[in-house]
Amino acid sequence: MKLKELERPAVQVWSPASQYPVYLATGTSAQQLDASFSTNGTLEIFEVDFRDPSLDLKRKGILSASSRFHKLIWGSFGNGLLEGSGVIAGGGDNGMLTLYNVTHILSSGKEPVIAQRQKHTGAVRALDFNPFQGNLLASGANDSEIFIWDLNNLSVPMTPGSKSQQPPEDIKALSWNRQVQHILSSAHPSGKAVVWDLRKNEPIIKVSDHSNRMHCSGLAWHPDIATQLVLCSEDDRLPVIQLWDLRFASSPLKVLESHSRGILSVSWSQADAELLLSSAKDSQILCWNLGSSEVVYKLPTQSSWCFDVQWCPRDPPVFSAASFDGWISLYSVMGRNWEVQQMRQADKVPEQVVQASLIPPLKKPPKWMRRPAGVSFAFGGKLVTFGLLSTTAHQVPQPCLHLVFISQVTTEPEFLTRSAELQEALGSGNVLNYCQNKIQQVTLPSEKMLWQFLKVTLEKDSRMKFLKLLGYNKDELQKKVAMWLKSDLGLGESPQPKEDAPNSSRRQAFCSQTSEHSAEEASASSSFFDELVPQNITPWEIPITEDADGLLSQALLLGELGPAVELCLKEERFADAIILAQAGGADLLKQTQERYLAKKKTRIAPLLACVTQKSWRDMVCACSLKNWREALALLLTYSGPEKFPELCGRWPSAPGWSSVALAWIQGTC
């Protein structure tokens, strides 16, 4: 059903949902020319009044622009101020980004241009305001350039990490996540979509079609599910819409394929997440039900391609369509052209004209309309239904009653019997016997192990029993280690995995201003992106063999650090032994050091033993007299003032060293 129309070769944008009355802004398109071949640019604002039966829009403001527009976006920044109507951002040629004060355009008073920035390379085709923080604006242009502008300080925009594509590509579309305020996505002509985490200031995931025929022309985030987005392709060889879920990013979750030529734009309804609009080169506008993947509304434009469709943020059934023939039309998905229908009743137009003007409504009631009936299964075989009561022709109409009916449905008697047994076991507290009976009844090993684990959770000392179920026993481990230590097997080194240096990540303070959503509401959606595992991590495996590495793994899994150190010393893996001994406490570390020094007979081993064990008296007695200078230096460095005289008194006569000097050192130190 067509509601309004406007003859303008322009790009369009709706006013925010909080704005009333509803406005539609248009800017002269940079990719279109009218019959006059004029290159002048104009920004206009029209009031959309659906109470007016005519198809005309009322112009409320007009402004001459320095350049034509590739993209317009209307943000709510400043709406909280007195008579504030928000900000319009326009992307033009040569990297020009212009910000306009909507209130000043409507009043024709003060200067409406807030700022102009020429930071980008090439045309600015992608713009989006952050839905949580109205002062944040994302812009994209050529060479994979993305800037995040703070409207409170436009001097230096933020760049999210390095450029996402090599070689650089155009940014076809940008979209902020509707649930997590620091997540931004960008679409590229190669078919890739890059998801950016602006707290980490880096891309965290990339999705792309494996056919290499995807040519992205637009993207949109799911209004309610933080991990889902759609991409559309303008390539005639692959005119599809792909629904991606980042939790399963290896392939699209759904592919919509009813268009016959490339798709130019998509728009996701914020009032009903199941409805998605798309326009394509086949001169059709389709409304999809993403739950069933079917087309529920089809609008043939007949005249020309529609390059942009947008849902009205304030009126859910209304959408606008801008086409290359220079017309912007407003439609409703809720019904047919009632004006033509009334003319048909008055016999003012021929039947064939009426049939051509009628457009069928949606096949399914949208979310914003009340459902007349519903049904759902509940626990215990309950069926819950609601709806209006049916009345016969002889009954007097009654006021509308809203009733809920609960009925019992039995389809599997055996399942009900098992449920009753479980309820009885839970009520009597005899769950252990119930699990034991299940262990004896089941035949499959997997089911038997499941019931064994359930039984162990109810028993005392469940941790040790869990380890035994997993195949790890401390007594058996000690026997294996003892046998290995007594064996005369040759020493061998196990290959050590080569580790990459940890990638340094740069965190940047983001979203410090207060949001409309509390931290608790955003945490559930935000946690998904925080927990994404980088794609270049190599998984490591724990040895489970019966060699030294396998026994060492078992000892570590059971917390037996003493046997683990013994195995390392046996294999002469002294560095591993020292590391494990440090985790096992001071006594284990001391024993390990003594074992190491006893095994390693090097020229410096006595000195190492003396320093680590602080055995200065043994050093005085055992050190060679020709090293009396070095021994004295050691005592001067490590021994305390209370021990030094005594140790010097035990010193034998040193050649070349006078007793006077030695007595002086004893007295002063």
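Of all lysines in the structure, those lying under 21 Å Cα to Cα from K2, and not within fewer than 8 positions of it along the same chain, are K58, K281, K298, K348, K363, K364. Across all Cα atoms of region 427-469, the radius of gyration (one decimal) and Dmax (whole number) stand at 10.6, 30 Å.
In terms of surrounding Cβ atoms within a 10 Å radius of their Cβ, V207, V456, V611, V309 rank from fewest to most as V611, V456, V207, V309. With a cut-off of 12 Å on the backbone N, the residues of region 593-623 near the modelled label site 7 Å out from E572 along Cα-Cβ are 599-601. Length available on full extension from E257 to D224: 0.36 nm per residue minus the Cα-Cα distance, which gives 9.5 nm. Taking every alpha-carbon pair under 8 Å whose residues sit at least 6 apart, region 7-128 reaches a relative contact order of 20 percent.
Relative to the current alpha-carbon distance between K460 and L403, full extension at 0.36 nm per residue lengthens the span by 15.5 nm.
Set the Förster radius R0 to 22 Å, insert the Cβ-Cβ distance between Q440 and L469 as r into 1/(1 + (r/R0)^6), and round the FRET efficiency to 0.05. In this case the efficiency is close to 0.85. Over region 235-289, Cα pairs under 8 Å with separation of 6+ residues give a relative contact order of 27 percent.
Our estimate of slack between M449 and A115, defined as 0.36 nm per intervening residue step minus the Cα-Cα distance, is 113.4 nm. Model label points for I544 and L55, set 7 angstrom from Cα along the Cα-to-Cβ axis, are 7.2 nm apart. In this rough spin-label picture, where each label sits 7 Å from Cα along the Cβ direction, the K599-E531 distance is 4.2 nm.
Throughout, read-outs are computed from the coordinates displayed, never taken from laboratory work. Note that the structure is predicted; figures quoted are calculated from it, not measured. Note that we place each Cβ from the backbone using ideal geometry, even for glycine, and neighbour counts take in every protein chain shown.
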